[in-house]
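Trainee: Handing you this structure, nothing more for now.
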Amino acid sequence: MTRNSKEPAPSAPLSPATFHVLLALAGEDLHGYAILKDVEQRTSGSVTLSTGTLYGILKRLLADGLIIESRARPSAPGDDERRRYYRLTPSGREIASAEAERLNQLVTEARARRLLGKLRPA
């Protein structure tokens with residue numbers, strides 16, 4: 001796939017909000033409200049995205065080819081036909097993975113400089 005000039009290179013840092021959206025979609029296809037709830041739940045409420053922020057990010061990710069609108073729909077009886085579900089593309093997964101690795105390297109460096117405690121086993 002030829003990269004759009006607007007698409008970040010895998011080594012370019014993503015905004016925290018954009019990374020949270022990609023992280024939410026790394027698990028499964030989700031609609032907008034479910035993405036908002038996933039981010040809020042995963043961060044214990046420390047990150048809450050406004051709908052305007054979310055839909056701006058989704059629009060940009062769609063234009064950059066990092067996500068697509070999913071054709072598959074859940075068979076849940078409460079599903080609303082108006083909901084749009086989103087899915088990571090292979091390029092989107094690559095970008096999200098590169099960002100996760102970049103953040104992991106920062107955490108490793110912070111531990112080496114004693115800004116964070118040692119990693120404890122789960």
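The values are calculated or read from the model by the stated rules, or taken from the named source; none is laboratory data. This is a predicted model, so every value here is computed, not measured. Using ideal geometry, Cβ is built from the backbone for each residue, glycine included, and neighbour counts are taken over all protein chains shown.
Trainee: Return yes or no: is ILE67 of a type in the set (A, V, I, L, M, F, W, C), closer than 16 Å to PRO90 by Cα and touching a residue at least 24 places away in the same chain (Cβ under 8 Å)?
Mentor: Answer is yes for this residue.
Trainee: Looking at region 20-32 only, could you name the residues that are surrounded by fewer than 17 Cβ atoms within 10 Å (Cβ to Cβ) and modelled with pLDDT under 95?
Mentor: Passing the criteria: GLY27, GLU28.
Trainee: State whether the residues of region 40-54 include one that is within 10 Å of the chain's Cα centre (by Cα), modelled with pLDDT of 95 or more and either within 26 Å of LEU106 (Cα to Cα) or loosely packed, with under 14 Cβ neighbours inside 10 Å (or both).
Mentor: No, region 40-54 contains no residue that is within 10 Å of the chain's Cα centre (by Cα), modelled with pLDDT of 95 or more and either within 26 Å of LEU106 (Cα to Cα) or loosely packed, with under 14 Cβ neighbours inside 10 Å (or both).
Trainee: Are there any pairs, at least 6 apart or on different chains, whose C-beta atoms fall under 8 Å, with the first in region 94-122 and more than 24 Å from LEU14 (Cα to Cα) and the second at pLDDT below 95, and if so, which?
Mentor: That search, which allows pairs on different chains as well, returns GLY117/ARG111; LYS118/ARG111; LEU119/ARG111.
Trainee: Give me the residue from region 69-122 that is closer than 24 Å to LEU36 by Cα, in a loop (DSSP other than H, G, I, E, B) and of a type in the set (A, V, I, L, M) and, out of that set, modelled with the highest pLDDT.
Mentor: ALA72
Trainee: Continuing with the same structure: Is it the case that LEU58 is touching a helix residue (DSSP H, G or I) at 6+ places or on another chain (Cβ under 8 Å), assigned to a helix (DSSP H, G or I) and not polar (S, T, N, Q)?
Mentor: So LEU58 fits the description; yes.
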